[in-house]
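Structure first, commentary second.
The values are calculated or read from the model by the stated rules, or taken from the named source; none is laboratory data. For clarity, every value in this text was computed on a predicted model and none was experimentally measured. For neighbour counting, all protein chains shown are included, and Cβ atoms are generated from backbone atoms with ideal geometry for every residue, glycine included.
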Amino acid sequence: MGQHKCKLLSQTRISEDIYSLLLESDEIARMSFPGQFVHIRIGNGIDPLLRRPLSIHRVDPPKGEVRFLYRVVGRGTKLLQKLERGDILDLLGPLGTGFYLEGSFSHALVVAGGMGSAPIFFLIDKLLELKKRITFFWGVKNKNEIFALKDLRNSGVDVRIITEDGSMGRKGLITDILKPFLAEHREDRSLEGFVCGPVKMLKQVQGMAEITTFGWQVSLEERMACGVGVCMGCGVKMKEGGYKMVCSDGPVFNLREILFDD
């Protein structure tokens, strides 16, 4: 982990409230691993006081560039949205424990709902480097939240899209198209599951994963204060008792070990 002053290179609007932020940081681009995040200070003063966690969306080490994806949901991200090219941002990172990719699997089952795509693209890039076969289930509200689709498919990724309004792919929720796939591949030991999205979706996927014999990794999102496991404010309950910190023990965990609230 290090503290970095990073220049904002560009900010692109993906949809009505989703933005892509490109920063210059040779060190973060070289040191990061899929699933990790940074803790970003928004502004130069103490208001807002707390940093905001952002998943690392993609990296380009040769160019020294790091990309982040975020949705405007509160005051902090509204301020982030107003930043312009050339502005300098203060980042801590890379932080956290990323995805484990050293297993013997040859086929990656990647599942992203909503803003779950933020860390997933970095994961997909790394899986492609490792020559893994990838099936990507992607669920969003509408077609405006889908991006880089052509590049994904040209890279050989099997992308299966479902939208809540039916504007692209099937109409419905991601679990609607995932369930029959899992029923067919429940004992496929070549698979490893990777999932990120809203808690309601994660809990449903966890239940569906009970019929499968392969492993599942989940990237969690949680409100954070310190980002390094000191304040104990981002605890997630484990089935075997006790809590683990999303910022320092995660954000990537074994999906089967998480105890989601009812």
Boolean, VAL230 is in contact (Cβ under 8 Å) with a residue 40 or more places away in the chain, hydrophobic (A, V, I, L, M, F, W, C) and closer than 30 Å to LEU50 by Cβ: no
List the helices (runs of 4 or more DSSP H) inside the range 148-220, counting only whole elements, that have at least 2 residues being buried (at least 19 other Cβ atoms within 10 Å of the Cβ) and under 17 Å from the mean Cα position of the chain (by Cα). 199-208
Tally, over the range 12-24, of residues that are buried (at least 23 other Cβ atoms within 10 Å of the Cβ) and either out of contact with any Cys (no Cβ under 6 Å at 6 or more places or on another chain) or modelled with pLDDT under 95 (or both): 0
Run down ILE56, ILE40 and say which single residue is within 20 Å of the chain's Cα centre (by Cα), without any contact (Cβ under 8 Å) to a residue 60 or more places away in the chain and not in a helix (DSSP H, G or I). ILE40
Output the residue which, of all residues in the range 120-129 that are over 15 Å from PHE147 (Cβ atoms) and in contact with a strand residue (DSSP E or B) (Cβ under 9 Å, 6 or more places away or on another chain), is surrounded by the most Cβ atoms within 10 Å (Cβ to Cβ). LEU123
Go through the range 1-25 and give me each residue that's closer than 15 Å to ARG58 by Cβ and not in a strand (DSSP E or B). ILE14, SER25
Using the structure shown, decide if HIS39 is at pLDDT 95 or above and either more than 14 Å from LEU92 (Cα to Cα) or surrounded by 15 or more Cβ atoms within 10 Å (Cβ to Cβ) (or both). no
Considering every residue within the range 249-260, establish whether at least one is surrounded by fewer than 19 Cβ atoms within 10 Å (Cβ to Cβ) and assigned to a strand (DSSP E or B). yes
Against the condition farther than 28 Å from LYS200 by Cβ and modelled with pLDDT of 95 or more, how does LYS126 come out, does it pass? no
Reported set for the range 71-126 where residues are over 21 Å from GLY197 (Cα atoms) and part of a helix (DSSP H, G or I) is ARG75, LYS78, LEU79, LEU80, GLN81
Tell me which of these ILE120 doesn't satisfy, since it passes every other one: (1) aliphatic (A, V, I, L, M); (2) at pLDDT 95 or above; (3) in contact with a Gly (Cβ under 8 Å, 6 or more places away or on another chain). (3)
Of the criteria (1) among the basic types (Lys, Arg); (2) modelled with pLDDT of 95 or more; (3) within 14 Å of the chain's Cα centre (by Cα), which one ARG71 fails: (2)
